[in-house]
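Here the structure is laid out as structure tokens; the discussion comes afterwards.
The values are calculated or read from the model by the stated rules, or taken from the named source; none is laboratory data. Bear in mind the structure is a predicted one, so any value in this text is a computation, not a measurement. Using ideal geometry, Cβ is built from the backbone for each residue, glycine included, and neighbour counts are taken over all protein chains shown.
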Protein chains: 2
Amino acid sequence: MREKKYHHGDLKNALIKAGIEILSQEGISALSLRKVATKAGVSHAAPYSHFKDKQDLIASISSEGFNRIYEKLISRIKDISDDYPEIKLKEAALAYLEFALTDSDHFRITFSGIIEKDKEKYPEYIKSSLRCFTLVKNLVEECQQKGILEKCPLDEMTVAIWSLVHGFVSLLIDREFSHNLFEKETQQELLIKLLNKITLKEIK
Amino acid sequence: MREKKYHHGDLKNALIKAGIEILSQEGISALSLRKVATKAGVSHAAPYSHFKDKQDLIASISSEGFNRIYEKLISRIKDISDDYPEIKLKEAALAYLEFALTDSDHFRITFSGIIEKDKEKYPEYIKSSLRCFTLVKNLVEECQQKGILEKCPLDEMTVAIWSLVHGFVSLLIDREFSHNLFEKETQQELLIKLLNKITLKEIK
DNA sequence: ATCTAATCTTGACAATGTCAAGATTTTTTA
DNA sequence: TAAAAAATCTTGACATTGTCAAGATTAGAT
């Protein structure tokens, strides 16, 4: 009777996964608790055994967002030599852009799905986001040591790099840049040009 | 009978204003059509005489968001001499930050309240956002002409500046920066430091 | 084997977005 | 100026959704 057992087995993760699927297929406005439950094959109130409320599920989906960004960055830079930290930085930025373009609603909910004031209630979320920030920080530190980036307080430069990339990507997926701008160049090329406005040596 | 007339007179704007008030007092999650209607003193379905649906009201609230940002920037830089475009740029960035911090939910909904795909349906929104972009572009152009910013394609540098400021401000109101970071310096000071990573001459 | 806690279902309720029908007011037109 | 048309607003209804309470079922501990 493996097909019809009462317990799901791993419903919590199934719900998170179902939510992320809905985000990618139908967008944020279609993300309802009941639809997530149906997609996971359980009744409409089943999620309440694993999540306090909808906000709690969104917190988990957001944490998973940071985890996926982290994994994507790691797998993109893991084979790059430490001799070229600027290439790591470039590839990390491109991976960030790629995630935002591919999973735009997941990206969006990851950054503003949780009410700012309630963030302390979700330690797992804070942990996931901090891990991403630390990863970027390490990249920036490498770049500073090899003269790619100016030597200023590490947190300061990290915030500069992250803000530039995050701002560009956010404005891009929100379509704040006119369509006819940047006809010829791709979004990837433009992002690298922006990065080069901060770096001391050119990233190609 | 001025007190009890059937027609409101300017209900459309009253609804937009009521919506913005709710955003500032109770946040995005509390923004419902019915509450907006009640706040404006009309019945729950009255908004449908002026807006196609909730999304349409949000589009108007978002347009007004860009208008307020525009006005805020203008009034902040209008008295600054053309001899100091870097000060204009600095004050504009600070005004942007101030709006985001003061009206964070209005800021948030302005940038991602409208479904990206549907943006073409709201020409008023596009017009308002373009006006802001153009304002920033003019500032950037002045800075390039006076040697404050590198001379590259204007749109490219505008996107760089806007992305940096917007990214920082967005991450800030989403509390993505750890609390204990940047204890000593204010957010304003930090923003200026970030800008200085792009400018050729130091902005103080 | 029994007890306890975890997990899931069913049923209910209030809030919300939306529409249809109709009332009231304003504007147009003849 | 009077009738017709359009705009504005209300009331009532319905489906969707978040949430909770009560109870059924299962898993794990004693």
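For the reader, a short list of remarks on this structure follows.
- Matching residues, region B:17-36, being more than 14 Å from chain A (Cβ to nearest Cβ) and within 16 Å of DNA strand D (Cβ to nearest atom): B:Lys17, B:Ala18, B:Gly19, B:Ser32, B:Leu33, B:Arg34, B:Lys35, B:Val36
- If you filter region B:100-118 down to residues that are in contact with a Phe, Trp or Tyr (Cβ under 7 Å, 6 or more places away or on another chain) and in a helix (DSSP H, G or I), you find that the one that is farthest from B:Gln188 (Cα to Cα) is B:Thr110.
Here's the yes/no breakdown for (1) at positive phi; (2) of a type in the set (Gly, Ala, Ser):
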| position | (1), (2) |
| --- | --- |
| A:Lys127 | no, no |
| A:Asn138 | no, no |
| A:Glu156 | no, no |
| A:Ser170 | no, yes |
| A:Arg175 | yes, no |
| A:Leu190 | no, no |
| A:Lys197 | no, no |
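Matching residues to (1) farther than 19 Å from B:Lys88 by Cβ; (2) surrounded by fewer than 19 Cβ atoms within 10 Å (Cβ to Cβ):
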residue: B:Val136; (1), (2): no, no
residue: B:Glu141; (1), (2): no, yes
residue: B:Glu150; (1), (2): no, yes
residue: B:Leu154; (1), (2): no, yes
residue: B:Thr158; (1), (2): no, no
residue: B:Glu176; (1), (2): yes, no
residue: B:Gln188; (1), (2): no, yes
residue: B:Lys201; (1), (2): no, yes
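- For region A:43-64, the condition of being over 14 Å from the mean Cα position of the chain (by Cα), over 25 Å from A:Tyr122 (Cβ atoms) and of a type in the set (A, V, I, L, M) holds for none of the residues.
- Of the residues making up region B:51-60, one or more are more than 13 Å from DNA strand D (Cβ to nearest atom), assigned to a loop (DSSP other than H, G, I, E, B) and over 13 Å from B:Ala18 (Cα atoms).
- Flag for A:Leu97 being crowded, with 17+ Cβ neighbours inside 10 Å, at pLDDT 95 or above, assigned to a helix (DSSP H, G or I) and on the phi < 0 side of the Ramachandran plot: yes
Quick grid of which residues meet (1) within 12 Å of another protein chain (Cβ to nearest Cβ); (2) free of Cβ contacts under 8 Å to residues at least 60 places away in the same chain; (3) within 22 Å of A:Arg68 (Cα to Cα):
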| site | (1), (2), (3) |
| --- | --- |
| A:Lys88 | no, yes, yes |
| A:Ala93 | yes, no, yes |
| A:Arg108 | yes, no, yes |
| A:Ser112 | yes, yes, yes |
| A:Leu135 | no, no, yes |
| A:Glu150 | yes, yes, no |
| A:Ser163 | yes, yes, yes |
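- Residue satisfying all of: in region A:121-133; more than 9 Å from chain B (Cβ to nearest Cβ) and out of contact with any helix residue (DSSP H, G or I) (no Cβ under 7 Å at 6 or more places or on another chain); surrounded by the most Cβ atoms within 10 Å (Cβ to Cβ) among these: A:Lys121
- Taking the conditions (1) over 20 Å from A:Ser129 (Cβ atoms); (2) within 14 Å of chain B (Cβ to nearest Cβ); (3) away from DNA strand D (no atom under 12 Å from the Cβ) in turn, A:Asp83 satisfies each one other than (2).
- Test: residue in region A:23-37 that is buried (at least 21 other Cβ atoms within 10 Å of the Cβ), in contact (Cβ under 8 Å) with a residue 12 or more places away in the chain and away from DNA strand C (no atom under 16 Å from the Cβ): yes
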